[in-house]
2 protein chains.
Amino acid sequence: MATIKDVAGRAGVSVATVSRVLNGNGYVHEDTRQKVEEAIRALNYTPNEVARSLYKKKSKLVGLLLPDITNPYFPQLARGVEDRMQENDYRLIFGNSDENREKEMDYIQTFIQNHVVGIISSTNDPGAEMYAELRIPIVFLDRTTSDRPSVYADGREGGRLAAREIIKRGSKRITIIQGPAHVGPAMDRYEGAVEVVRERGLPYDVLKTTSFSFTEAEGWAQDLFRLYPDTDGVIASNDIVASAVLQEAFRLGKRVPEDVQIIGFDDIPLSRLLAPSLSTIHQPAYEMGREAAELLIQLMEGQHIERKSKQYPVHFIERQTTRKVD
Amino acid sequence: MATIKDVAGRAGVSVATVSRVLNGNGYVHEDTRQKVEEAIRALNYTPNEVARSLYKKKSKLVGLLLPDITNPYFPQLARGVEDRMQENDYRLIFGNSDENREKEMDYIQTFIQNHVVGIISSTNDPGAEMYAELRIPIVFLDRTTSDRPSVYADGREGGRLAAREIIKRGSKRITIIQGPAHVGPAMDRYEGAVEVVRERGLPYDVLKTTSFSFTEAEGWAQDLFRLYPDTDGVIASNDIVASAVLQEAFRLGKRVPEDVQIIGFDDIPLSRLLAPSLSTIHQPAYEMGREAAELLIQLMEGQHIERKSKQYPVHFIERQTTRKVD
């Protein structure tokens with residue numbers, strides 16, 4: 001079977017030139033191109049798989065903006081988006097906004113410059129001008145409860161659920177960890193928890209935090225037990241922060257769940273690998289990612305849309321950081 | 001200040017048409033374009049930030065292929081790559097290969113079709129034809145010890161280190177969990193561990209596994225203690241699998257590290273949030289990602305390359321799943 005070298009030899013050019021002809025990129029003089037094409041025909045040369053693929057239809061690009069893929073919740077969302085997009089032959093350009101407005105805008109610009117045909121964005125500000133002016137379909141994912149096309153979980157109900165479950169299981173001095181104030185779902189779940197604790201007339205403390213970072217969470221966990229040593233129940237802003245609280249409780253010799261109960265949020269994969277495993281509020285991240293992709297595909301392909309927004313219910317996952325009830 | 005609506009009104013066209021003129025995408029009749037441009041001049045209209053950005057230099061795309069971002073090790077690598085690329089105004093298209101040859105090739109093709117100027121690939125097969133035929137710079141990351149431009153950690157030494165540390169701390173019946181056979185670094189660390197355990201003449205068992213998946217790891221952890229109930233030391237294939245072993249030991253009422261010591265691999269962020277926190281072999285994932293990006297930038301920009309490959313040393317992180325020694 002003829003190789004690319006045989007073609008180059010017969011045409012009297014370099015392998016790189018043959019490759020440029022096959023790939024259609026880079027400058028090749030018209031005479032040279034003809035020589036190469038003659039050699040390809042004469043030798044009945046079949047280009048290799050990669051070269052062949054270039055004759056196939058080009059996959060279209062979709063932009064995916066996430067806050068930070070080092071938070072294990074977001075890779076689940078991203079996989080959901082990617083897997084569904086793959087099925088319809090779309091591919092992803094992606095970026096981490098770090099919840100930073102400038103970075104977010106920079107990526108949206110990059111997406112447009114690279115001619116994406118649609119965007120999925122986990123933004124805290126779906127009303128931003130840059131989104132209003134877009135002339136391609138966009139779906140908001142996770143970070144918003146906008147009326148525009150969006151997929152998100154019921155964070156407020158999640159907060160209520162966490163509070164109800166921890167109270168039902170006997171916590172009387174609850175500390176609620178409030179996530180970053182500019183992150184919509186963090187505030188939703190915080191407000192849901194406060195709502196229920198107040199309704200029940202229980203005393204509670206609030207620990208304000210500014211991120212979901214692993215390293216910072218350890219410091220907040222220390223603050224928590226120093227500022228509120230009588231805490232017997234912690235409603236954490238997410239599973240990462242809950243893990244740090246669990247570790248700190250362990251370090252202080254507190255028994256979990258006997259002395260302190262802990263409930264996280266998200267149900268990231270590692271939450272059940274913790275020892276004791278973490279009780280938490282489950283958000284169906286992978287499914288939400290797929291659903292956002294599905295909705296965007298419908299919008300991009302001009303299909304009839306039944307519902308522009310989808311709110312996913314959340315539920316309590318009972319594991320070992322909460323006590324048993326009958 | 002004039003708005004896009006004012007421009008549309010004066011030119012007698014829709015806002016969408018003005019937007020198409022500004023963005024330079026979609027068809028606009030030449031007469032219409034002139035009318036819009038006249039209106040823009042007459043009103044001294046300044047397009048908004050997104051539109052303005054389109055006059056800026058277009059960011060170039062780089063392809064990033066990872067095995068699976070739902071394994072928390074890879075988002076660290078990806079952040080390193082992304083952050084360094086951002087600094088030189090490159091952006092990423094990305095994909096998960098799932099260690100699957102076909103998916104890998106499909107993404108490499110997509111990258112080329114979308115005119116990436118360079119590729120970073122965590123492949124198990126850097127010698128594959130598709131890579132040999134590429135006419136753009138490529139850097140291999142993490143999955144290989146190729147002579148071609150690549151950045152990786154010293155997995156074999158990592159395996160040796162894990163074995164030395166667990167033996168030094170008193171384990172006498174070690175089980176080594178062997179990661180997926182087609183994943184280079186998994187085999188390197190496995191072979192390193194076996195080398196040391198054999199040298200010391202200790203009996204040992206091997207549990208073969210086929211992935212680093214969260215869900216499967218729980219099953220393997222159960223197998224481990226059922227098949228090898230006398231195990232007093234586990235060298236896990238990575239931190240996820242180690243977490244599952246820790247959880248299973250806890251469930252069986254074994255004390256860690258008194259009855260069983262456990263050492264992981266990777267040092268993913270959650271490993272120190274486990275309770276007890278996980279002793280492990282640290283790989284500098286974020287730095288490795290940055291370094292791969294750095295090397296690719298040098299190759300893409302035709303700079304002189306000092307060293308084409310960089311092997312990172314690994315080191316033992318002593319936490320609570322191993323016993324103390326003097």
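Rank A:GLN222, A:GLN113, A:GLN76 by mean-square fluctuation in a GNM of chain A with C-alpha springs under 10 angstrom and give only the top-ranked residue.
Looking only at A:GLN222, A:GLN113, A:GLN76, the biggest GNM fluctuation is shown by A:GLN113.
Provide a whole-number value for the mean count of partner chain Cβ atoms within 10 Å of the Cβ atoms in peptide B:91-100.
Details: counts 11, 6, 7, 9, 5, 7, 0, 2, 0, 0.
Partner-chain Cβ atoms within 10 Å, mean over residues of B:91-100: 5.
Can you pull the percent of Cα pairs in chain A with separation above 31 Å? Walk me through the intermediate numbers first.
Numbers: 24571 of 52975 pairs.
Beyond 31 Å sits 46 percent of the P(r) for chain A.
Within a Cβ distance under 13 Å of B:PRO257, other residues only, what is the Lys/Arg minus Asp/Glu net charge? Spell out each step's value before the answer.
Working: positive: B:LYS168, B:ARG169, B:LYS254, B:ARG255, B:ARG319, B:ARG323, B:LYS324; negative: B:GLU165, B:ASP232, B:GLU258, B:ASP259, B:GLU318.
Computed value for this residue: +2.
State, to one decimal in nm, how far the label point of A:THR215 lies from the label point of B:ASP205, with both points 7 Å from Cα in the Cβ direction.
Placing both labels 7 Å along Cα→Cβ, they lie 4.1 nm apart.
Pull up all non-local amide H partners of A:THR123: gap of 5 or more, or a different chain, and H-to-H distance under 5 Å with H placed in the peptide plane.
Excluding prolines and chain starts, which carry no amide H, the hits are A:LEU141, A:ARG143.
Compute the acute angle (0 to 90°) between the alpha-carbon long axis of helix A:285-300 and the principal axis of greatest extent of the alpha-carbon atoms of chain A; round to the nearest 10°.
Rounded to the nearest ten degrees, it is 50.
Separation between the A:ALA181 and A:ARG198 pseudo-spin-labels, each 7 Å from Cα along Cα→Cβ, expressed in nm?
1.7 nm
Can you tell me how the stretch A:155-284 classifies by the Cα gyration tensor, rounded, prolate or oblate, using a/c under 1.5 as the rounded cut?
Numbers: a/c = 1.25, a/b = 1.08, b/c = 1.17.
In terms of gyration-tensor shape, rounded.
Taking K and R as +1 and D and E as -1, what net charge do the other residues with C-beta under 10 Å from the C-beta of A:SER122 add up to? Show your work: numbers first, answer last.
Numbers: positive: A:ARG143; negative: A:ASP68, A:GLU99, A:GLU104, A:ASP142.
Spelling it out: positives minus negatives among the neighbours equals -3.
Find out how many positive minus negative residues lie around B:PRO313, taking Lys and Arg as positive, Asp and Glu as negative, among other residues whose Cβ is under 14 Å from that of B:PRO313. Mind showing how you got there, number by number?
Working: positive: B:ARG156, B:ARG160, B:ARG189, B:LYS310; negative: B:ASP154, B:GLU157, B:ASP188, B:ASP267, B:GLU287, B:GLU291.
Taking every other residue near B:PRO313 into account, the sum is -2.
Helix B:184-199 versus the longest principal axis of chain B: what angle, 0 to 90°, nearest 10, using Cα atoms?
It is inclined by approximately 20 degrees.
Helix B:30-43 versus the longest principal axis of chain B: what is the Cα-based angle in degrees, 0 to 90, to the nearest 10?
With both axes taken from Cα atoms, the answer is about 90 degrees.
What are the principal axis extents of the Cα atoms in the protein assembly as shown, in Å, biggest first?
77, 65, 41 Å, listed from the longest principal axis down.
Remind me, relative contact order of chain A in percent, using alpha carbon pairs under 8 angstrom and six or more residues apart? Could you put the intermediate results ahead of the total?
Values: 617 pairs, mean separation 57.7, N = 326.
This gives 18 percent for chain A.
Antiparallel versus total DSSP beta bridges in chain A: what percent is that, nearest 5? Please report the intermediate quantities before stating the final value.
Details: 3 of 38 bridges.
Antiparallel bridges: around 10 percent, rounded to the nearest 5.
How many nanometers, to one decimal and shortest first, lie between the label point of A:GLY12 and those of its other copies, if labels sit 7 Å from Cα toward Cβ?
In ascending order, 6.1 nm.
Computed from the coordinates by the stated procedures, all read-outs in this text should not be read as laboratory data. This is a predicted model, so every value here is computed, not measured. Every residue, glycine among them, receives a Cβ derived from its backbone with ideal geometry; neighbour counts consider all protein chains shown.
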